[in-house]
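Single-structure report; data block below.
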Amino acid sequence: MSFNWSLIWDNLPLLLQGAVVTIQITIMSVGCGFLIGMIASLANMSRFKPIRLLVKCYVELFRGTPLLVQIFMIYFALPMVIGHRIDPYVAAVTACSINSGAYVSEIFRAGIQSIDKGQMEAGRSLGLTWGQTMRYIVMPQAFKAIIPPLGNEFIAMMKDTSLVSVIGFEELTRRGQLIIARTYGSFEIWSAVAIIYLIMTLSISQLVGYLERRYKIK
Amino acid sequence: MIQMIDVHKSFGKLEVLKGINLDIEQGEVVVIIGPSGSGKSTVLRCMNYLEEPTSGDVIVDGMNLNIKENINNVRAEVGMVFQRFNLFPHMTVLDNITLAPQKIRKVSKAEAEATAMELLKKVGLADKAQAYPEQLSGGQQQRVAIARALAMKPKVMLFDEPTSALDPEMVHEVLDVMKSLAEEGMTMVVVTHEMGFAKEVGTRVLFVDGGQILESGSPADVFDNPQNDRTKLFLSKIL
């Protein structure tokens with residue numbers, strides 16, 4: 001067989017559009033996941049056992065089931081409960097955000113635990129509240145500590161967004177499928193798709209490496 | 001200034017404090033000595049409720065710490081210095097000192113910084129305002145920690161083995177700062193192994209062992225004429 005380069009060049013704009021959508025949904029999902037994860041990790045330190053239990057259930061449920069199943073649940077099963085259709089974009093971002101939040105909350109938990117207990121004591125001994133100590137003293141240090149695992153989560157999420165192609169959401173993978181359905185150029189197009197993903201994930205690792213150096217933990 | 005009434009503290013099944021009664025007046029420099037594991041640090045940490053007693057009352061400046069609303073108010077008035085300094089590593093020395101006054105006392109940034117610079121001058125580190133804690137020696141870090149606590153204009157200062165994590169040659173620079181604080185009339189409670197400091201600066205020495213205060217008196221009484229056998233044994237080992 002011969003490798004048909006022109007197939008790639010002709011369809012590159014379509015693929016790149018898909019790549020932009022992939023980047024968007026990744027940023028949205030990790031962004032929302034970051035907020036969800038931060039709130040969940042703080043809630044996990046609550047004095048009230050039911051709240052801690054709730055967080056634990058959330059984390060175990062969304063880490064312990066496949067993202068693909070979660071996407072199906074939100075796009076196909078949830079509408080049957082609430083009575084109307086959910087937009088694929090909303091379903092995709094929701095599923096990915098909630099899933100990412102479960103992982104991020106564990107990343108936060110480890111990050112906060114890595115900060116010496118004396119920091120909290122020093123803050124409290126000055127008269128700062130628990131919340132103020134968290135905000136001004138523990139969290140800023142925890143953020144630096146979690147840059148590397150957060151970078152991993154970003155890369156993992158970027159690849160996992162390919163799963164939302166199953167509900168017809170046109171990100172990079174779905175674009176590839178559609179082009180192949182039209183041109184039968186499996187080898188060329190999947191190669192191109194793979195390389196575009198690789199370029200994106202490598203860029204993130206570079207960025208994370210830069211942030212790590214810039215915010216070197218003192 | 002600080003009253004402890006029948007304070008007990010247990011960690012799980014282990015009873016660390018077995019009824020501490022204590023009355024500290026304004027201007028006193030109370031030095032707590034005792035073997036490790038005796039509960040002396042726990043006594044200190046109960047004074048600002050970093051450790052919450054299992055039972056008993058702690059009353060600081062008329063505020064009973066049993067009442068939750070009092071805890072942060074008491075802590076703002078009681079400075080604490082830790083064995084391992086516990087400076088905030090992500091902030092400059094200046095920010096370490098100005099954070100609490102700004103957030104709690106609602107002091108303006110300029111005013112907080114002016115106070116901080118005065119305090120840094122006092123502990124001999126005015127040139128280190130923009131440094132980060134990791135750039136300082138242990139002794140310097142501990143002096144910053146003292147300045148940080150003083151920035152809240154506390155009525156009492158608690159010291160939890162402030163020189164135990166220091167290299168020997170840095171011990172005196174921290175003790176000197178503490179000495180000058182005592183001379184200014186600051187009420188201080190100091191847990192330490194520095195018997196020289198206890199003799200020279202202390203107005204009262206407490207010997208704690210097994211979660212109880214076994215001996216209490218002037219440094220001369222406790223060091224030269226101890227009454228309790230365990231005090232005698234302890235002093236014979238360390239002096």
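The values are calculated or read from the model by the stated rules, or taken from the named source; none is laboratory data. What you see is a predicted model, and the numbers here were worked out from it, not measured in a lab. Ideal geometry is used to build each Cβ from the backbone, glycine not excepted, and the neighbour counts take in all protein chains shown. With ligands, DNA and RNA removed, areas are computed over all heavy atoms of the protein, side chains included. Shrake-Rupley method; radii C 1.70, N 1.55, O 1.52, S 1.80 Å.
For the reader, a short list of remarks on this structure follows.
- Leaving ligands and nucleic acids aside, the B/A contact buries around 2000 square angstrom of accessible area in total at a 1.4 Å probe radius.
- With Cα atoms as the point set, the stretch A:69-206 shows a radius of gyration and Dmax of 20.8, 69 Å.
- Annotation: Cα Rg of the protein assembly as shown relative to the compact-globule expectation 2.2 N^0.38 Å equals 1.33.
- Comparing mean-square fluctuations of B:Thr163, B:Thr54, B:Thr192 from a GNM of chain B with C-alpha springs under 10 Å, the top value falls on B:Thr54.
- Whether the stretch B:76-134 is rounded, prolate or oblate, judged on the alpha carbon gyration tensor where a/c under 1.5 counts as rounded: rounded
- Nearest-ten-degree value, helix A:172-183 long axis tilted from longest Cα axis of chain A: 10
- Degrees between helix B:68-77 axis and first principal axis of chain B (Cα, 0 to 90, nearest 10): 70
- The stretch B:116-195: projected area of the alpha-carbon convex hull, averaged over directions, in nm²: 5.2
- Where A:Cys32, A:Cys96 fall by accessible area, highest first, once all protein chains stay in place (1.4 Å): A:Cys32, A:Cys96
- Accessible area (Å², per residue) of the stretch B:1-126, counting only protein heavy atoms and a probe of 1.4 Å: 42
- Within straight-line cross-link reach of B:Lys106, aspartates and glutamates at Cα separation under 20 Å, skipping those fewer than 8 residues along the same chain: B:Glu69, B:Glu77, B:Asp95, B:Glu118
- GNM on chain A, alpha-carbon springs under 10 angstrom: the most fluctuating residue among A:Tyr136, A:Tyr75, A:Tyr89 is A:Tyr136.
- For the stretch A:1-123, the square roots of the Cα gyration tensor eigenvalues, ordered a ≥ b ≥ c, give a/c of at least 1.5 with a/b no greater than b/c, which places it in the oblate category.
- Taking θ as phi - 60° and the Karplus parameters 6.51, -1.76 and 1.60, the scalar couplings of the stretch A:34-46 work out to 4, 5, 4, x, 5, 4, 4, 5, 5, 4, 5, 9, 4 Hz in sequence order, x denoting glycine and proline.
- Sum of -39500 (n - 2.57) over DSSP H runs of 4+, divided by residues of chain B (222 nm, nearest 500): -12000 deg cm²/dmol
- Shown here for the stretch B:180-229: GluC sites (Glu not before Pro) in loop regions (DSSP other than H, G, I, E, B) with at most 15 other Cβ atoms within 10 Å, namely B:Glu184.
- Rounded to the nearest 10 Å², the accessible area of A:His84 at probe 1.4 Å: 120
- Distance violations [Cα-Cα > 22 Å] among B:Lys40/B:Lys103; A:Lys56/B:Lys68; A:Lys56/A:Lys144; A:Lys49/B:Lys103; B:Lys68/B:Lys155: B:Lys40/B:Lys103; A:Lys56/B:Lys68; A:Lys56/A:Lys144; A:Lys49/B:Lys103
- Relative to the longest principal axis of the Cα atoms of chain A, the long axis of helix A:88-113 makes an angle of roughly 40 degrees.
- Shape of the stretch B:192-239, Cα gyration tensor, a/c cut at 1.5: rounded
- Summed side-chain charge close to B:Ser55 - residues other than B:Ser55 whose Cβ falls under 14 Å, Lys, Arg +1, Asp, Glu -1: -3
- Maximal additional length on extending the A:Met80-A:Arg182 stretch stands at 33.4 nm, based on 0.36 nm per residue less the C-alpha distance.
- Too-long pairs where the Cα-Cα distance tops 18 Å, listed order kept, from B:Lys18/B:Lys199; A:Lys117/B:Lys109; B:Lys121/B:Lys179: B:Lys18/B:Lys199; A:Lys117/B:Lys109
- Per-peptide average of other Cβ atoms within 10 Å, ordering B:132-139, A:143-150 highest first: A:143-150, B:132-139
- Distance between modelled label sites at A:Leu12 and B:Asp229, nm, 7 Å Cα→Cβ extension: 9.2
- Carbon/sulfur fraction of accessible area - the protein assembly as shown, other protein chains in place, 1.4 Å, %: 58
- Dimensions (Å) - the stretch A:151-218, Cα atoms, principal axes, largest first: 55, 24, 11
- Partner chain coverage, peptide B:95-103 - average Cβ within 10 angstrom: 3
- Take every pair of alpha-carbon atoms less than 8 Å apart whose residues are at least six positions apart; their mean separation over the length of the stretch A:154-218 yields a relative contact order of 29 percent.
- The Cα-based radius of gyration of chain B, divided by its Kirkwood radius, gives an Rg/Rh of 0.97.
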